Amino acid sequence: MRRFVLLLSTLLCVVCGALADEVSLEVNVPRVVAVGEPFRVEFMVNAKPKGGLEAPSFEGFNLIAGPSTGSSSSMSFVNGQMTKSVTYSYTYVVACPTEGEYTLGSAAVKVDGKEYRTRAVSIKAIVEQGGGGQSSGQGQRPGGGGQQQGGGQQQQQQSVAKVADDDLLIRASVDRTSLYKGEPVRVVYKLYTRVGLAGVEGQKMPSFAGFWTQRLNIDANRWVREELNGKIYDACPLAEYLLFPQQSGKLTIDPLEISAVVHLQVRGGGGFSNNPFAEFFGGPQIEEVRKAVKSKPITLNVKPLPEGAPASFSGAVGEYEMVVTPPADQIVANSAVTYTVKISGRGNLSMIQAPQVELPTSFEQYSVKSSESIQATASGSSGYRQFEYPMIARADGDFLIPALEFSYFNPKLGKYVTLSSAEYMIHVSPDDKAAAAGPNAGLVSGISKEDIKFLGRDIRFIKLGDANLVPKGKLFMFSGLWWLIAVVMIGLAVVVASWLRSHLREMRNQATLKGKRANKVALQRLRAAERYMNEQNIKGFYEEMLRALWGYMGDKLNIPVADLTKESVRERLARKGVEQSDIDQYVAVISDCEYAQYAPSGGGHMRDAYLVGVEIISKLESVINK
């Protein structure tokens, strides 16, 4: 047994070493800081280095502390495969004494006898205008890679928290303001904050009237520090789009709007506190402030496409290539073949239409099949669209397939470009099955197949005179079987209508029953929360409290889970005649539970949260049932 365990351990070590990632050394440091602000410089390597880190000289910086070292490891099994990762970190705390550009030199480590180095990093130190944020309270700002938020950011705390206009803003930017119709423009909406952003309750996206849009994938948690208007912000992208204007003239990109929730540290004046003894000992309290923020609209000058477009132009704008794959040059009559056109490049690919293919009259063409592979990135939309033209040659002989043309407008050159394929001959040999049918199989009244032309109608010859038509059989309509089928169909319709009526009635009854039982279900969840509170299980307590509060409101007001938000609850309670103070108390206790659920000292408020939750549910029950 010991040998088996030893063998298994050795095998795991071998597998872990084989699955180890390539060694990499990275540096995490803000690119813009305030003069005198302490910030962290963190070096991370995903393997154990030999001899530690060879740190840069930190010339020009004030070295405050470091290095502090740390390590972490993890192992996971995914689809039967085991992966193991390890990280070693070296952290320094430094500051820039004066304004200007600083260069952080290269750091190095040695792993298995091989040296790995980081690149030199440029850091900009500025003197912030206005001496820091303009809010009356200061909360923990998001992002920043764990940087310390000092450097003139603290100011006197007041009794009423307020977020200044330049403390929280949204900036919309485009990569161009003058472009042609159909040419893509990239718009980025980015959030800038100098205060503690707790979350976003509502978001109103632009309508993008006059544009065809493609939304790009972004990392919504990628917080970086940026300088804007002489101040340092934590910035994060909210949304990013590729817009293709569908009309010329002045087009406006509408603003993006959000309702942000900000946590500010204040002294006095109430608010939710992280520490129940904070006010007694003079510590800060956290106050939740809501602020509506929106970006400024952007006006674009969309130029019309030049006149004189080729006949083969159908609206394609960009840079493209065309590859045409014709069928074999020798085929058999009545056999199916495919003519393929592939258009690839960069531009408004999704709007490209299938080029027109001219075929001899004896060829039957069927519906065009299309396939595509298009990637929308920050640099534009690229990929290909492929069109397949199925056809059947009905007559034998030699036929000329004309050249195919595709035209597009190149905005870089400012002119139309036409791509053309080569014309080619195709030989259609006789069909053996048709030949076996007789020498006249290919003739209709002395006319050969290749002479037949489609005249836009199905009947070629019309017989004149008396048709001498006589009835054959009995008319099905109004017969006995027809009446039987009609009665059965009517009966089925009545049964289905009755079932639908009873089903809708049952659904309404279920919603009513659910509303009546809302208070009982909430009390059961509150009892479970009380049990967790007595056990000092903070996570379980706040989870049950939130289930009780949200579940009561969803069942009582018949609000689907997908629509259950603080704003929808405020609106429904106001319709029911609930006083605004009770509504605010209900939303406040939910916000407090959500915040305290992850707060380090969240266990100190369980008793208060429980009592407030029981009180507000009882109060709402008495008001809503009137």
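Here are a few things to note about the model shown:
- In percent, rounded to a whole number, the relative contact order of the range 478-597 is 23, using alpha-carbon pairs under 8 Å and six or more apart.
- Cβ-defined net charge surrounding ILE126, 9 Å radius [Lys, Arg +1; Asp, Glu -1]: -1
- Taking the centroid of alpha carbons for each part, the range 336-387 and the range 89-123 are 51 Å apart.
- Site pair LEU216 and PHE478 shows an inter-label distance of 7.1 nm when each label is modelled 7 Å from Cα along Cα→Cβ.
- Segment LYS84-SER498, length gained on full extension (0.36 nm per residue, minus Cα span): 142.9 nm
- Point-to-point label distance, ALA164-LEU469, nm (Cα→Cβ direction, 7 Å offset): 9.0 nm
- 12 Å beta-carbon shell around LEU400, net charge (K/R +1, D/E -1): -4
- Straightening the chain between VAL332 and GLU364 buys 10.1 nm, computed as 0.36 nm per residue apart minus the Cα-Cα spacing.
- Sequence-distant lysines (8 or more away, or on other chains) whose Cα lies within less than 20 Å of LYS162: LYS231, LYS291, LYS294
- Whole-angstrom gap from the range 522-567 to the range 239-264, using each part's C-alpha centre: 36 Å
- Label positions at VAL200 and GLU615, each projected 7 Å from the Cα along the C-beta direction, are separated by 3.5 nm.
- Straight-line cross-link partners of LYS516 among the lysines, defined as a Cα under 20 Å from its Cα and at least 8 positions apart when in the same chain: LYS556, LYS576, LYS619, LYS626.
- Carbon/sulfur fraction of accessible area - the range 295-351, other protein chains in place, 1.4 Å, %: 51 percent
- Descending Cα extents along the principal axes, the range 355-422, whole Å: 51, 25, 14
- The residues of the range 470-565 expose on average 73 square angstrom of accessible surface per residue, using a 1.4 Å probe on protein heavy atoms.
The values are calculated or read from the model by the stated rules, or taken from the named source; none is laboratory data. Nothing here was measured: the structure is a model prediction, and the numbers come from that model. Cβ coordinates were reconstructed from backbone atoms using ideal geometry, including for glycine residues, and neighbour counts include every protein chain displayed. Surface accessibility is based on the protein's heavy atoms, side chains included, excluding ligands, DNA and RNA. Shrake-Rupley method; radii C 1.70, N 1.55, O 1.52, S 1.80 Å.
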